[in-house]
1. Given 25 °C and 0.890 mPa s, compute D for the stretch 283-370 with the Stokes-Einstein relation, Rh being the Kirkwood radius over Cα pairs; round to the nearest whole µm²/s.
2. Fully extended, how many nm does the chain gain between Glu339 and Ile360 (0.36 nm per residue separation, minus their Cα-Cα distance)?
3. Take the Cβ-Cβ distance between Lys242 and Glu162 as r, set R0 to 35 Å, and report the resulting FRET efficiency rounded to the nearest 0.05.
4. Once you put a point 7 Å from the Cα of Ile99 and another 7 Å from the Cα of Gln197, both along the Cβ direction, what distance in nm separates them?
5. Among Lys120, Lys201, Lys76, which one moves the most in a GNM of the chain with springs linking Cα atoms closer than 10 Å?
6. In a Gaussian network model over the chain where Cα atoms closer than 10 Å are linked, find which of Pro49, Pro361, Pro118 has the largest mean-square fluctuation.
7. Quick check for you: which residues of the stretch 114-144 have the amide N under 11 Å from the point 7 Å beyond the Cα of Tyr54 toward its beta carbon?
8. Mind jotting down a quarter of the surface of the convex hull over the alpha carbons of the chain, in square nanometres, one decimal?
Amino acid sequence: MQTYRLSLFVLIITVLTFSFNLPVYGQSASNPFVIMIDPGHGGRDTGTPGTGRYKATEKDIALDVSLALGKMINEKLSNVKVVYTRDKDVFPTLNGRAIAANKKDVDLFISIHCNAQPGKKGTAYGSETFVLGTTKNKQNLEVAKRENSVMALEENTEVYKEFNSSSPEFLLGLELAQEAYLDHSIKLARFIEDEFQITAKRRSRGVKQNIFYVLAYTYMPSVLVELGFLTHKKEEDFLNSKHGKNLMTKSLFIAVEKYLKYLNINAKETVAFVEDKEVEQVSNHIEFKVQIAASSKAIETKAYNFKGLNKISRIKEGSLYKYFYGSTTNYEVTKQLEEEARNKGYGSSFVVAFKDGKKIPLIEALKTMAN
Ligand SMILES: [Zn+2]
C-alpha cells in the first residue's frame, strides 16, 4: 500500500510537472511574450481627418507607427512575438480586434491612435495614454465617444448591445474582470507617457482612465495611446513627418522594453510578498485552495498567466512550485472553485487543505472541521 501510494504520488507530480505549459516571459523561442499592436481604425473608418491639410488621416499615422514599432521590437528584442490586428489599410471591427487578442494568448495589447479636439479651436495638443476605468471628466468622455463611435459603422451592431458605459452594473462587472490587469496596464501607460516627454520631447497630458471597447474586452494588460492631436497644426505636422513618427516609435519601444524589465523584477519581488501574505492570512484556521498546476518554474501569479484566473497563490515544495486558485474556509465553496478552474482548462485540479499555513491532508482538515 505504501509503495503504491508513493508511486502514485510520483506519477501525479510527474504528470503535473510536464503537462502544464505555463507562460514565462521571454524564456524560450517556443514560448515567447506576445505583444498585439492594434493600429486604430482602418479602411472606410479613417479616424480623425485632423485639420484637413494632409491626405493622411489618423488611420494612416496609426498604421505607420504601429508597423515601425512592431519591426523595432522584432529586430531588437528576443523571445518577443509581435502580432497585429491589422497590418494594412483594412477595417477590423472593434469586437474582432478584442476576439483576436483573446484567442492568440496575447500578453500585452497596445492600441495606437491620434487625437482630435472637437470644434474648430485646434488649441489642444499633447499625448495621452488610457487604461480602462471609469471617468467623469468631460474631455476624457469625448475621446472615448469618438474612439468607440466606429461601432455605428459596423454591420453587426448586435455584439455591442451589452456595452453600456452608463450602466453601473455593466461598469462593476467590467472593473472586476479587469482588476487583475490594471496595475500592469497603468505601469506601461506611465512608461509610455514618460518616454514621450523624455525621448520625443512632447507634451504629455498624462495617464488617464476611460471605457474603451478594445480595453474593456481584452483580457490582458492593455493600453490605448493617443499620439497627439491632428487638429493641432504643429502637432499634425510633427506626426505626419518621418522624424516625428520615428521619435514616437522610439519612445513606445523604450517604454515596452522598460515594461518587460519591470515584469522580471516584479516576478522576483512577488515571491516574498505572496508567501508572507499567505502565512498571515491562513494562521489559526483551516483553509482550502484548488491546486491547478505544479512547475519547476516560478511564474508570476497574475491572472493572464493562468488563463484569466485571478486570486492565484504559489508555494514552493521541494523543487516544485505549486499554484493554487482561490482560497476559502468553506469546503462547499471549493467545488465551485474547482469547477471554475476545470472550465478554464485545468482539468486535473484538486482541492488541498491548509492549517496554520501548512498543507495538511484533506481528510484531516475535514475531520478537524467536523469536531
Ligand atoms: Zn482613434
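Values in this text are rule-based calculations from the coordinates and carry no lab data. Here the structure is a predicted model, which means the values were calculated and not measured. Because the Cβ atoms are built from the backbone with ideal geometry, glycine has one as well, and the counts that use them run over all protein chains shown.
1. Using the Kirkwood radius from Cα pairs, D works out to 186 µm²/s.
2. So the chain would gain 5.4 nm between Glu339 and Ile360.
3. About 0.25, to the nearest 0.05.
4. Those two pseudo-labels are separated by 4.1 nm.
5. Highest fluctuation among the options: Lys120.
6. Of Pro49, Pro361, Pro118, the Gaussian network model singles out Pro361 as fluctuating most.
7. Answer for this model: 114-115.
8. 21.1 nm²
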